[in-house]
Amino acid sequence: MTSSSNPIGLFDSGLGGISIWQAIHAMLPRESTLYLADSKHAPYGEKTKSEIISLAEKNTEYLLAKNCKLIIVACNTATTQAISHLRNTYSVPFIGIEPAIKPAALNTKTKKVGVLATKGTLASSLFHSTTNLHAAGVEIFEREGTGLVERVESGEVEGPDMEAHLKELVQSMVDQGIDQLVLGCTHYPFLIPCLERILPKTVHIVDCSPAVARQTAAILLQNGLENTSDNQPQHQFYTNGDIDLLAKFLPHRRPNFDLAYLDF
Ligand code: DGL
């Protein structure tokens, strides 16, 4: 039986989904959470659909064994490749992450939107159907964020090398006249300070994490799953990668945060 004080589960192919966790924690401070960082299998974006589905199943089953009441697939690649399968297989509510094409298409003045995402996300049918549905009359410029997940996973989010790499990736979209840059991978919000330095002021960076937190709040309410107990929320973070690196992505952690290495 699901209790409303059970944690919200999140998983990603590593540390990127912590950008989503931050938005969830800010909007829903009474909720406990359990975050799985599958760094050992990153990047998911280079894997086949069936490999991504089996990793997503493994992560989901772990979170369900820990009684998570709702699961956030804090990874665009896993969402685009595996969320229908997860929804058809397990009865817990799932929240997925997709590149925020809709708000970008609504807000663009130049009618040109850039999307930086992984190979797996850009190749997915979900990405293409969302784009067709929400971006009529808008030109979409796609660019694969080659190497970015690996760099963030190694702790590199700043520096001249990263700036040069990002410039190389976004420059052609900027030259085409985009005024919105959609971050289609949850690892990329950690690169926002660096991106802000290299992008012209006319380009707005679109990060979907606040929208994901709003959607999570709505689904909890709809399902009667909001935590109403007065117990202090607990936040557990498990990684099958480098625990010191995980700690660096959580600089403001408190005593109710528990970080551990887990071989999964
Ligand atoms: N954070 C994942 C995403 O949002 C990274 C994907 C990957 O591991 O390639 O897509």
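Among the helices (runs of 4 or more DSSP H) lying completely within segment 31-116, list those that include at least 3 residues that are closer than 29 Å to residue 231 by Cβ.
49-65
Hey, can you tell me all the residues within segment 239-256 that are open to solvent by less than 30 Å² (accessible area, probe 1.4 Å) and either of a type in the set (A, V, I, L, M) or more than 15 Å from residue 13 (Cα to Cα) (or both)?
245, 246, 247, 250, 256
When you go through (1) β-branched (Val, Ile, Thr); (2) closer than 23 Å to residue 59 by Cα; (3) more than 16 Å from the ligand (Cβ to nearest atom) one by one for residue 239, which number turns out not to apply?
(3)
Spot the failing condition for residue 208; the list is (1) at pLDDT 95 or above; (2) open to solvent by 10 Å² or more (accessible area, probe 1.4 Å); (3) within 16 Å of the ligand (Cβ to nearest atom), and only one is missed.
Residue 208 satisfies all of (1) at pLDDT 95 or above; (2) open to solvent by 10 Å² or more (accessible area, probe 1.4 Å); (3) within 16 Å of the ligand (Cβ to nearest atom) except (1).
Suppose we filter segment 154-196 for residues that are in a loop (DSSP other than H, G, I, E, B) and within 16 Å of the ligand (Cβ to nearest atom); how many remain?
Result for segment 154-196: 7.
When you go through (1) open to solvent by 70 Å² or more (accessible area, probe 1.4 Å); (2) over 17 Å from the mean Cα position of the chain (by Cα); (3) farther than 22 Å from residue 102 by Cα one by one for residue 136, which number turns out not to apply?
For residue 136, the failing item is (3).
Of (1) part of a helix (DSSP H, G or I); (2) at pLDDT below 95, residue 230 satisfies all except one. Which?
(1) is the only condition that residue 230 fails.
For segment 103-144, which positions are touching a Lys or Arg at 6+ places or on another chain (Cβ under 9 Å) and under 20 Å from residue 187 (Cα atoms)?
Answer for segment 103-144, where residues must be touching a Lys or Arg at 6+ places or on another chain (Cβ under 9 Å) and under 20 Å from residue 187 (Cα atoms): 114, 115, 116, 117, 120, 122, 124, 141, 144.
Please specify each residue of segment 197-207 satisfying the condition of being of a type outside the set (A, V, I, L, M, F, W, C) and part of a helix (DSSP H, G or I).
197
Residue by residue, here is whether (1) basic (Lys, Arg); (2) in contact with a Ser or Thr (Cβ under 9 Å, 6 or more places away or on another chain); (3) within 13 Å of the ligand (Cβ to nearest atom) holds:
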position: 74; (1), (2), (3): no, yes, yes
position: 96; (1), (2), (3): no, yes, yes
position: 107; (1), (2), (3): no, no, no
position: 124; (1), (2), (3): no, yes, yes
position: 140; (1), (2), (3): no, yes, no
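In segment 43-53, is there at least one residue being of a type in the set (Gly, Ala, Ser), out of contact with any Cys (no Cβ under 6 Å at 6 or more places or on another chain) and more than 15 Å from the ligand (Cβ to nearest atom)?
yes
What single numbered condition from (1) under 29 Å from residue 263 (Cβ atoms); (2) surrounded by fewer than 20 Cβ atoms within 10 Å (Cβ to Cβ) fails to hold for residue 112?
(1)
So, of the residues in segment 1-35 that are among the polar types (S, T, N, Q) and modelled with pLDDT of 95 or more, which turns out to be surrounded by the most Cβ atoms within 10 Å (Cβ to Cβ)?
13
Mind listing whichever residues of segment 233-263 are part of a loop (DSSP other than H, G, I, E, B), among the polar types (S, T, N, Q) and within 19 Å of residue 29 (Cβ to Cβ)?
Answer for segment 233-263, where residues must be part of a loop (DSSP other than H, G, I, E, B), among the polar types (S, T, N, Q) and within 19 Å of residue 29 (Cβ to Cβ): 234, 256.
Quick one: what pairs do we get from segment 74-88, first residue modelled with pLDDT of 95 or more, second away from the ligand (no atom under 15 Å from the Cβ) and assigned to a helix (DSSP H, G or I), C-beta under 7 Å, 6+ apart or different chains?
Cβ pairs passing all conditions: 86/60.
Please go through segment 84-98 and pick out each residue that is of a type outside the set (Ser, Thr, Tyr) and open to solvent by 10 Å² or more (accessible area, probe 1.4 Å).
Residues satisfying the conditions are 85, 87, 88, 92, 93, 94, 96, 98.
Would it be correct to say that residue 15 is assigned to a loop (DSSP other than H, G, I, E, B), within 16 Å of the ligand (Cβ to nearest atom) and over 19 Å from residue 218 (Cβ atoms)?
So residue 15 fits the description; yes.
The values are calculated or read from the model by the stated rules, or taken from the named source; none is laboratory data. Nothing here was measured: the structure is a model prediction, and the numbers come from that model. Positions of Cβ are backbone-derived with ideal geometry, glycine not excepted, and every protein chain shown enters the neighbour counts. Please note that ligands, DNA and RNA were not included when accessible areas were found on the heavy atoms of the full protein model with its side chains. Shrake-Rupley method; radii C 1.70, N 1.55, O 1.52, S 1.80 Å.
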